[in-house]
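Engineer: The structure is given below, and queries will be raised subsequently.
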Amino acid sequence: MRKSLRLPLFYMNIAIYLPPSSIMEFTAFQEFIVETSSLLFRQHSAHRFIIITDKRYAEQFPFYSNLETIVLNPVSKNGLLKKIWLDIKLPSILKKAKADLLISFHNTCLSTVSIPQCLFIRDKERIRKTHINKARLLLVPNNLMKRVLIETNGIPEEKITVVFPSASKMFEPITEEEKTTIKNTYSEGKEFFLFNSIFSSQEDLIDILKSFSHFKKRQQSNFKLLLTTPVNSVFAKCLAGYKYRNDVKFIDVNDKHEQGLITASAYAVVLPFNTNETLIAALNSMRSGVPVIGVKNSFVNEMAENAAVYAEMETTKDIGERMIQLYTDENYRFKLIEKGKAVAATYTDEKAAGILWQSILKVLG
């Protein structure tokens, strides 16, 4: 019997619209998108991918023979000009590129194009219902958002796919000697709690300082609190009158390797907020062999389950109590470390890229 050659099912032009970055440093979620997309390009070289984004985002992608990058000028914030861009200019770019599919990471669907669209929803509060209805498939980073879309928008379950984010491979456990070096450099040789995500407001900083105050009052320890986020005038003002300000330090480190070393050296990571950035920070920490303090009914709670310890949502005293719990119960802390490493290992770029590819096939049928 003659064997038939197995050829690729079809050749596709897949366009990916990435929002421009509004801050100098890329967020953990943006880095996840770059890593997952790059893996997709490498794995599916028979298909052409077109990245549509600004210069800073485009520069994050390595060269691939099947990747074309269309670099945009900054999109105007003027309502009319923005509408012209979305209704006329961007559809024209897609037509010229002969795109078969658009994956939008911009909380936006295009109303004037006929090709199928996948819409990645990071923040449901910032997306219009018309865009949700226009998309052929909705991509979300967690099951909590999926349930909200089903319950509040009546979206059929089969129209929603969860693409869980993953930890960066830059984060991993380190030796005790390396931990000592980091502590001597950043925390005067003392153990420290770490916040390794992004503050969305001044109130977030105030809340975490209140939690640390509760810990310090109860334990009278020499622990420090490190915050790997740039200090600004507002944050500096919050810290100026803080009782334990000498035990709190902002660390603005751009080097990813150094960020990984700092994370892996922490006694525990404190992440009392419910954002996608917090979720990836938690996965990075667990992959580094560091226990995580989160809040109940959060994205972290959904993914980590009993591999992290949780406070009541937005209760600063209870977050402080969880810090005390880890400080006073080393056995429990070590159990969380092992469970956390196992959880982080199940969420990978490879898994996310695979789900994204299956979503593409589902939409194009």
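The values are calculated or read from the model by the stated rules, or taken from the named source; none is laboratory data. All values reported here derive from a predicted model rather than from experimental measurement. Neighbour counts run over all protein chains shown; Cβ positions are idealised from the backbone, glycine included.
Engineer: Please name all residue pairs, on different chains or six or more residues apart, with Cβ atoms under 8 Å, provided the first residue is in the range 29-42 and is assigned by TED's automatic domain parsing to the domain that holds residue 60 and in contact (Cβ under 8 Å) with a residue 40 or more places away in the chain and the second residue is assigned to a helix (DSSP H, G or I) and aromatic (Phe, Trp, Tyr).
Structural biologist: Pairs that qualify, where the first residue is assigned by TED's automatic domain parsing to the domain that holds residue 60 and in contact (Cβ under 8 Å) with a residue 40 or more places away in the chain and the partner is assigned to a helix (DSSP H, G or I) and aromatic (Phe, Trp, Tyr), are 40/357.
Engineer: Among the residues of the range 294-303, what is the count of those that are surrounded by fewer than 24 Cβ atoms within 10 Å (Cβ to Cβ), part of a helix (DSSP H, G or I) and touching a helix residue (DSSP H, G or I) at 6+ places or on another chain (Cβ under 8 Å)?
Structural biologist: Matching residues across the range 294-303 total 1.
Engineer: Could you list, in sequence order, the residues of the range 149-180 that are among the β-branched types (Val, Ile, Thr), out of contact with any Pro (no Cβ under 9 Å at 6 or more places or on another chain) and under 23 Å from residue 33 (Cα atoms)?
Structural biologist: 160, 161
Engineer: While we're on this one: Restrict the check to the range 320-341 and report whether at least one residue is touching a residue at least 12 places away in the same chain (Cβ under 8 Å), of a type outside the set (Lys, Arg) and part of a loop (DSSP other than H, G, I, E, B).
Structural biologist: no
Engineer: Return the residues of the range 220-252 that are of a type in the set (A, V, I, L, M) and at pLDDT 85 or above; say none if nothing qualifies.
Structural biologist: 225, 226, 227, 248, 251
Engineer: Is it the case that some residue within the range 351-360 is closer than 21 Å to residue 217 by Cα and of a type outside the set (Gly, Ala, Ser)?
Structural biologist: The answer is no; no qualifying residue exists.
Engineer: Further question on the same structure: In the range 46-74, what residues are of a type in the set (A, V, I, L, M, F, W, C), under 16 Å from residue 30 (Cβ atoms) and out of contact with any Ser or Thr (no Cβ under 7 Å at 6 or more places or on another chain)?
Structural biologist: 52
Engineer: Right, another one. Of all residues in the range 88-101, count the ones that are part of a helix (DSSP H, G or I) and either without any contact (Cβ under 8 Å) to a residue 40 or more places away in the chain or in contact with an Asp or Glu (Cβ under 8 Å, 6 or more places away or on another chain) (or both).
Structural biologist: Residues that pass the stated criteria total 6.
Engineer: Quick one: what pairs do we get from the range 130-155, first residue closer than 21 Å to residue 358 by Cβ, second surrounded by 18 or more Cβ atoms within 10 Å (Cβ to Cβ) and of a type in the set (Ser, Thr, Tyr), C-beta under 9 Å, 6+ apart or different chains?
Structural biologist: From the range 130-155, the pairs are 135/104; 137/161; 137/359; 138/161; 139/161; 139/359; 140/161; 146/161.
Engineer: Can you find, within the range 253-293, the residue that is nearest to residue 177 (Cα to Cα) among those that are in a loop (DSSP other than H, G, I, E, B) and of a type in the set (Gly, Ala, Ser)?
Structural biologist: Residue satisfying both the conditions and the ranking: 266.
Engineer: Are any residues in the range 70-121 touching a strand residue (DSSP E or B) at 6+ places or on another chain (Cβ under 9 Å), of a type in the set (S, T, N, Q) and under 21 Å from residue 12 (Cα atoms), and if so, which ones?
Structural biologist: The answer is 104, 117.
Engineer: Also, quick follow-up: Being at pLDDT 90 or above and of a type in the set (D, E, K, R) narrows it down to one residue among 126, 56, 122, 42; which is it?
Structural biologist: 42 is the lone residue from the list that is at pLDDT 90 or above and of a type in the set (D, E, K, R).
Engineer: Could you run through the range 181-219 and say how many residues are over 29 Å from residue 347 (Cα atoms) and of a type in the set (Ser, Thr, Tyr)?
Structural biologist: Total meeting the criteria: 6.
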